[in-house]
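Encoded as structure tokens, the structure appears first; notes follow it.
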Amino acid sequence: MIQRRQRAWAALLIIVVSGWANAGPQLDSSQLRQAGPHAVSVVDPVVVHDAAQNRDVSLRVIYPISTGPFPLIVFSHGAFCYPQLYAEITDHWASHGYVVILPNHLDSPNNKKLSPGALRSLMSSRVRDMSFVLDALDQIEAEISDIRGKTDRAHIAVAGHSFGGMIAMIKSGLILEHSEDGMQVDYSDDRFGAAVVLSGVGPAPMPDGTVLSESAFSRLTGPLFASGGTKDEGNIGTGETFPWQWRMSGYTLAPPGDKYYLVLEGADHYLGGLICRKNRGSDADPEAVEIVRMANTAFLNAYLKDDEASQRFLRNTDFTALTSGRAQLNYK
């Protein structure tokens, strides 16, 4: 009799807990697939001077034409990529209520051609650019009167693609190690509260003489969303090729806790030329773009806007069924 009662109470507890997990309004994926409720404005370029680097930094700024405040996303483009070619994702975020700023790093084709010596300083310049954007927000708002007071500076995410995805992880705690003496370098900035990593990188020696070890990812303790495709092999310019799983290291090697991993069957590094570079990748893949931005918009809503419906959507939705087998989303 006692055992039957215990089993009955256990069954009731499971039902109650399950009810709690699914309580509250449910999110319709079409709300995330489609553009959000806000009209969007783009100002490009906005030029601000960084005295520490002694250079003008050109920015692409996208924002909702609505009353704020809106959370901020600072996005790092891929190596030798145009910030403008991420509009399929960044403008979508802005329509859902985010201010998005993309600095032109030294290697952006919008800048003058890099000198050979500048390549070694590319990493340090890129990580500096990301924090500089936050330092220069007053200057940016002075240049764009429409966003004055619209940026929620307490809720900020860092995002990036490829090399830029690595930069996003570095700003979130990923540790670099000098190969010569083992000295560790921490470029993290705790003003960034979450990270979106599109086709990031994994453990490897870097061309600038630093090393990413497996243990370097242990410092990624905050919320992080990683995505990539099964045709997205990795390389760092040294001739070695890594399988697509290597690009998911921001999820697989980081400690558990608010980590998400989205993989798309048949997607390549450039989503068919719809991001980063038009002349790269296979055929245009708008479905992959739609799925990626649907999932990472839910992530941003969950962790920058504290939206519980978005968090339930991420944790409870069968993405394989939702995308007719195209995508898989894991959480830990």
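The values are calculated or read from the model by the stated rules, or taken from the named source; none is laboratory data. Since the model is a prediction, treat every value here as computed from it, not as a measurement. So basically every Cβ, Gly included, is an ideal-geometry build from the backbone, and we count neighbours across all protein chains shown. To get the accessible areas, we keep the full protein, side chains included, count just its heavy atoms, and leave off ligands, DNA and RNA. Shrake-Rupley method; radii C 1.70, N 1.55, O 1.52, S 1.80 Å.
Name the helices (runs of 4 or more DSSP H) wholly inside segment 263-332 in which the number of residues that are open to solvent by 20 Å² or more (accessible area, probe 1.4 Å) and under 17 Å from Pro223 (Cβ atoms) is 1 or more.
Working: elements: 286-304, 308-316, 319-322.
Answer list for segment 263-332: 286-304, 308-316.
Considering segment 67-123, the residues that are in a helix (DSSP H, G or I) and charged (D, E, K, R) include one that is most open to solvent (accessible area, probe 1.4 Å), namely Arg120. Kindly list the number of the only condition in (1) touching a helix residue (DSSP H, G or I) at 6+ places or on another chain (Cβ under 7 Å); (2) among the charged types (D, E, K, R); (3) under 26 Å from Leu72 (Cβ atoms) that fails for Arg247. That leaves (1) as the condition not met. Taking the numbered list (1) crowded, with 19+ Cβ neighbours inside 10 Å; (2) in contact with a strand residue (DSSP E or B) (Cβ under 8 Å, 6 or more places away or on another chain); (3) not aromatic (Phe, Trp, Tyr) in turn, Val127 passes all entries but (2). Scanning segment 251-278 for residues being of a type in the set (D, E, K, R) and on the phi > 0 side of the Ramachandran plot gives a total of 1. Please work out which one of (1) in contact with a Pro (Cβ under 7 Å, 6 or more places away or on another chain); (2) over 30 Å from Ala118 (Cα atoms); (3) part of a strand (DSSP E or B) is the condition His38 fails and give its number. If we test His38 against (1) in contact with a Pro (Cβ under 7 Å, 6 or more places away or on another chain); (2) over 30 Å from Ala118 (Cα atoms); (3) part of a strand (DSSP E or B), just (3) comes out false.
Of all residue pairs spaced 6 or more apart or on separate chains, those with beta-carbon atoms under 9 Å, a first member in segment 217-235 that is acidic (Asp, Glu) and a second member that is open to solvent by 40 Å² or more (accessible area, probe 1.4 Å) are Asp232/Trp244; Glu233/Thr241; Glu233/Pro243; Glu233/Trp244. Quick one: count up the residues across segment 160-183 that are of a type in the set (Ser, Thr, Tyr), under 14 Å from Phe225 (Cα atoms) and in contact with a strand residue (DSSP E or B) (Cβ under 6 Å, 6 or more places away or on another chain). Looking only at that region, the number is 1.
Restricting segment 228-243 to residues that are surrounded by 20 or more Cβ atoms within 10 Å (Cβ to Cβ) and touching a Gly at 6+ places or on another chain (Cβ under 9 Å), which is farthest from Asp258 (Cα to Cα)? Please lay out each step first, then the result.
Restricting attention to segment 228-243, the residues satisfying the condition of being surrounded by 20 or more Cβ atoms within 10 Å (Cβ to Cβ) are 228-229, 232, 234.
Add one more test, that the residue is touching a Gly at 6+ places or on another chain (Cβ under 9 Å), and what stays is 228-229, 234.
On the way: Gly228: 18, Gly229: 21, Gly234: 25 Å.
Here the answer is Gly234.
On the stretch given as segment 136-168, residues that are assigned to a strand (DSSP E or B), touching a Phe, Trp or Tyr at 6+ places or on another chain (Cβ under 8 Å) and of a type outside the set (Asp, Glu) total 7.
Would you pick out the residues in segment 172-213 that are crowded, with 24+ Cβ neighbours inside 10 Å and outside any loop (DSSP other than H, G, I, E, B)? Hits for segment 172-213 are Ala195, Val196, Val197, Leu198. Among the residues of segment 302-319, those identified as touching a Pro at 6+ places or on another chain (Cβ under 9 Å) and within 13 Å of His96 (Cβ to Cβ) are Ala302, Leu304, Lys305.
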